[in-house]
Amino acid sequence: MQFGLFGGARTKRGAGFEDSQGYDSFIDYVVEADRLDFKHLFMVEHHFTGHGQVSASMTVLAYLASKTKNIRLGTAVVVLPWHNPVLIAEQAATLDLLSGGRFDFGVGKGYRQAEFNGFVIPMAEANERFDEAMEIIRKAWTTEGRFSHHGKRWHYDDIVVEPEPLQRPHPPLWLAAGSPDSVKRAAREGYNLLLDQLAQTDQIIRRIALFREECQRAGRAYQSNMVATARPLQMIHSESERAAAYETRKRVLATIGDLARDKLPDRVEDDTASLLGTPDEVIARLKELEAGGATNILLVDPNASVANLRAFAREVMPAFRATRSAAAE
């Protein structure tokens, strides 16, 4: 099992619980994760929230590329219906070069109505806009020389996208998916799979099994690290901390709002999506995920801090290093 991070920076004016913290402390957080051998960072993209959430994820990742050495830097996700796909292809390829080939390109269609309203783009057009954008981006990264495109939304004549990405034919593609149809699509169309932080453990296991089966049907070699599962982390060290942790979890869910209501149990205590508990309890829940095929875990810490990272690395990660060593023998 390997571990990474999911979330993003938050400006000081937007103090809250949904994603992370201010930019300066977020940079320190990721640099320490790199030192502690966390494998991935996937950053969100959000707009118009009033909570200071990161809106320019690739800009922040480019800065982090200069501050880190090994951790892979990904978007989770670039919402393609809002963007000019050729500009995105150029920016992503530049980031791939600056990071030394450590970039992962996570994409999605978007799900927040207020963001579509803000961009004056009908949410009903999300699918078709996403599909055309991906067609253009793939073409931009794989065409030798110049190309043209004339579609429903975008028209380009005799263009070449520069620079080329360092990873060939392009950076790994990741799709945020949850429904059976979208999971199958990710497998068929060459995406790796990003699973959300709200899905319960049994849902995660079913989605991974479906993705693996669809990869096999498509003739695509499957590896467990092709799936990344976001899991909220709230580690405690005494029973006196548990009630406060539950309250924090409730506040986090309240910020997510309508998105969470049909995905969660009635009681926060029954929420198997969260890694909430003592180190031993967290390890037990991770073992359950590992047994179900979830071996690439992205931690979402509502109180993200260097101290929390160090505690997780010290008290949880060694249990999985021992498992890998035993398997190797």
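The values are calculated or read from the model by the stated rules, or taken from the named source; none is laboratory data. The structure displayed is predicted, hence computed values, not measured ones. As a convention, Cβ positions derive from the backbone with ideal geometry for all residues, glycine included, and neighbour counts pool all protein chains shown. Accessible surface areas use protein heavy atoms only, side chains included; no ligands, DNA or RNA. Shrake-Rupley method; radii C 1.70, N 1.55, O 1.52, S 1.80 Å.
Summary of values
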{"read-out": "Scan of the range 307-329 for residues that are surrounded by 15 or more Cβ atoms within 10 Å (Cβ to Cβ) and either among the charged types (D, E, K, R) or modelled with pLDDT under 95 (or both), ordered by number", "value": "Asn308, Glu315"}
{"read-out": "All positions within the range 167-211 that are open to solvent by 50 Å² or more (accessible area, probe 1.4 Å), of a type outside the set (Asp, Glu) and over 22 Å from Val44 (Cα atoms)", "value": "Arg168, Pro169, Pro180, Lys184, Arg188, Ile205, Arg206"}
{"read-out": "Restricting the range 212-254 to residues that are hydroxyl-bearing (Ser, Thr, Tyr) and in contact (Cβ under 8 Å) with a residue 60 or more places away in the chain, the residue that is surrounded by the most Cβ atoms within 10 Å (Cβ to Cβ)", "value": "Thr229"}
{"read-out": "Any hit, the range 60-83, residues being out of contact with any helix residue (DSSP H, G or I) (no Cβ under 8 Å at 6 or more places or on another chain) and farther than 24 Å from Ala177 by Cβ", "value": "no"}
{"read-out": "Qualifying residue in the range 36-57 (condition: outside any loop (DSSP other than H, G, I, E, B), of a type in the set (Ser, Thr, Tyr), on the phi < 0 side of the Ramachandran plot and open to solvent by 50 Å² or more (accessible area, probe 1.4 Å))", "value": "no"}
{"read-out": "Qualifying residues in the range 120-163 (those that are in a loop (DSSP other than H, G, I, E, B) and touching a Lys or Arg at 6+ places or on another chain (Cβ under 8 Å)) - the one surrounded by the most Cβ atoms within 10 Å (Cβ to Cβ)", "value": "Ile121"}
{"read-out": "Filtered residues of the range 98-119 (kept if part of a helix (DSSP H, G or I), open to solvent by 60 Å² or more (accessible area, probe 1.4 Å) and in contact (Cβ under 8 Å) with a residue 24 or more places away in the chain)", "value": "Leu98, Ala114, Phe119"}
{"read-out": "Which numbered condition Leu95 misses (of (1) open to solvent by less than 40 Å² (accessible area, probe 1.4 Å); (2) touching a residue at least 40 places away in the same chain (Cβ under 8 Å); (3) within 20 Å of Val44 (Cβ to Cβ))", "value": "(2)"}
